[in-house]
Ligand SMILES: [Zn+2]
Ligand SMILES: [Zn+2]
């Protein structure tokens, strides 16, 4: 899934991505492994854990119609906030 104009993740970024994937979905709470969604391409330390549906689902996904995001009144920054909180264990 590596596109040509996108740098490969560094060792530290890869380790972080693994942490993210271990977390439950930041939107619906489905248990991991989750997918890591980048808020901005290539900036892995601000990526968030999403299940396949909340990530890529045509109806619910952030890359689709974002229905569940709207119902739960969540956006990427809100989920990032929750993700950092979980990573810090607080
Ligand atoms: Zn989800
Ligand atoms: Zn994504």
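Report summary: the helix-based calculation at 222 nm, which adds -39500 (n - 2.57) for every DSSP H run with n ≥ 4 and divides by the residues of the chain, gives -10500 deg cm²/dmol. Using C-alpha pairs under 8 Å with a sequence gap of at least 6, the mean separation divided by the residue count of the chain gives a relative contact order of 21 percent. Once you've got the GNM for the chain with C-alpha springs shorter than 10 Å, pick whichever of 34, 58, 47 has the biggest mean-square fluctuation. Looking only at 34, 58, 47, the biggest GNM fluctuation is shown by 58.
Every number here is computed from the coordinates shown, using simple stated rules; none is lab data. Predicted model, so just to flag it, every value in this text is computed and none were measured.
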